[in-house]
Amino acid sequence: MIQKVFDPEKLNDRLLQQAIRRRRPLSATLELTYRCNFRCRMCYVRMSDDEAAAFGRMRTPEEWLDMARQLYDAGVLNLLLTGGECTRYPGFEALYPELYRMGFRISIMTNAGAYTDSIRALFTRYPPRHAAVTLYGGSSETYALVTGDPGGFQRTVENIRFFRSIRVPVGLNFTMIRENVGDYEAVGRLCQSLGLPFTLITDITAHRYDPAFSHAAQCRLSPAERACIACHPPEEAELAMRNAGELEKELASFTPPAAPRELPPPQREYCVGGLSGCCITWNGDMQVCVSMSGYRPVKPFETGFEAAWQELLTRREELFLVPPACQVCEMRAECDQNCPGRRADGTGSPGGIDTNVCQYVYLLRRYKERKV
């Protein structure tokens, strides 16, 4: 569940509070393309053009600009551009400066692994408000194993330094799978040398359109491995993985613990994204967030954005109902990954129960108890 603590001294927080009260969109994610310069084993969206053809088509720059005008008229201020790799969208160099000139506060989510000179010149002239860069390891060898591109590591580091040279704030995320868990310490050293913290991501879900399009199930860590990794610093990754085998035994008799009856369970979840934001995917589908984009999307390119937004609002009560089993689960306060989008990612429905998440939260609790 996404929790938000508001700071009344910050303008953006005041705008967000106002947008939530009015049920108006302030932020939008535009997933421009499924294409990517990397071929990551666990990716949830990357496809070949032939694979993607069965699920729609990429929108043209003209279509995106028309949609952007509708977003602007609706009150959207913040845009996050993503993919795939957003800079691999065929019309990126034409679209990006036009969005910038419209006055949006633009952030990009990127692997930063294959910028051309013209892309770097574009960002220099029109710097994004923020760049969220995903790391896939701490060496060229690991990048070759995870992404298929051994040169991607050095280019990524160079482009992180490029963003900093033009004073673009950078956030780093390390996506961990079996093939790069051994690089945890190296990634920690890299980020320390860059003077940037990083966020560890171990929650890997299947490909949005077809599980056969990725190897997510084979390369993601088990719930026990994730729990142990979460409790150790980067330099203790090997110890964490060794301890996971013993922790796994805790699942032999696991059932989600029921909450005491005298504690009233929550009826609905609170999610900022579902109240003041949305995501529009490469093929024109729209939902409250990217994780839920495959579940009963609305069609803003067909109905217009405002009609699509209103349709999302009418569905919100249904989308954000807490499943009955979660309402009476004693772990609910600790289960910060159990949002509707994550349930949709894991089960195909926001009302589903992803046992992988249940096991992770339980084992995380048990491992923390052992370490105290």
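The values are calculated or read from the model by the stated rules, or taken from the named source; none is laboratory data. It should be emphasised that the depicted structure is a prediction, and the values quoted were computed from it without experimental measurement. Glycine also receives a Cβ, built like all others from the backbone with ideal geometry; neighbour counts cover every protein chain displayed.
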* Can you pull out the residues in the stretch 50-72 that are within 14 Å of Arg35 (Cα to Cα) and crowded, with 19+ Cβ neighbours inside 10 Å? -> Ala52, Met58, Arg59
* Among what's in the stretch 288-326 and is without any contact (Cβ under 8 Å) to a residue 24 or more places away in the chain and either in contact with an Asp or Glu (Cβ under 6 Å, 6 or more places away or on another chain) or not in a helix (DSSP H, G or I) (or both), pick the residue that is surrounded by the most Cβ atoms within 10 Å (Cβ to Cβ). => Val298
* Run down Gly83, Gly75, Gly91 and say which single residue is surrounded by fewer than 17 Cβ atoms within 10 Å (Cβ to Cβ) and not β-branched (Val, Ile, Thr). => Gly75
* Identify, please: which residue in the stretch 247-261 is touching a helix residue (DSSP H, G or I) at 6+ places or on another chain (Cβ under 8 Å) and at pLDDT 90 or above and is, among those, nearest to Thr355 (Cα to Cα)? -> Leu251
* Determine whether the stretch 107-121 contains at least one residue that is under 21 Å from the mean Cα position of the chain (by Cα), under 26 Å from Ala19 (Cα atoms) and not polar (S, T, N, Q). => yes
* Would you be able to tell me the number of residues in the stretch 147-171 that are touching a Pro at 6+ places or on another chain (Cβ under 7 Å) and either within 21 Å of Gly84 (Cβ to Cβ) or assigned to a helix (DSSP H, G or I) (or both)? => 1
* Which residues, taken from the stretch 119-146, are charged (D, E, K, R) and assigned to a helix (DSSP H, G or I)? -> Arg120, Arg125, Glu141
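Yes or no: Ala53 more than 19 Å from the chain's Cα centre (by Cα) and under 26 Å from Arg208 (Cα atoms)?
The answer is yes for Ala53.
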